[in-house]
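A short reminder: the numbers here are calculations on the coordinates, not readings from a lab. These numbers come from a predicted model, not from an experiment. No Cβ is skipped: glycine too gets one built from the backbone with ideal geometry, and neighbour counts run over all protein chains shown.
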Amino acid sequence: MEFARAWDRHDVKVQGRGNKPLCHPEVGPLVVTYEVLMPVQDPDQRIVIYRAADADSQTALNRLMAGAAAKNPRAAELSPPS
């Protein structure tokens with residue numbers, strides 16, 4: 001809630017962004033795009049957002065989520081819509 005209010009007031013700045021290549025032991029190589037958001041009034045806090053950078057990476061992340069959901073049904077709540 002506090003972050004949402006700061007976002008509405010435009011008191012959040014992007015501190016960094018880019019692409020990060022990863023090699024996951026179960027699904028192999030993938031690339032995520034990231035953004036680091038920082039509330040202006042509280043620079044010690046950060047929110048980091050990761051998204052798949054391309055279709056192959058999204059497929060790999062979907063496989064990871066499917067595996068997590070199979071092991072823990074509650075993890076299915078976090079899965080992106082099909």
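Worth a mention:
- Once the Cβ-Cβ distance of residue 55 and residue 13 is raised to the sixth power relative to R0 = 22 Å, the FRET efficiency obtained is 0.15.
- Residue 24 long-range amide H proximity, modeled H, under 5 Å: 30
- For residue 48 and residue 26, the difference between the fully extended length at 0.36 nm per residue and the C-alpha to C-alpha distance is 5.6 nm.
- Sequence-distant residues sharing a close amide H with residue 12 (under 5 Å, placed H): 40
- Residue 63 sits among other residues whose Cβ lies under 15 Å from its own Cβ, and their net charge, with Lys and Arg +1 and Asp and Glu -1, is -2.
- Calculated FRET efficiency, residue 62 to residue 2, Cβ-Cβ distance, R0 = 30 Å: about 0.40 to the nearest 0.05.
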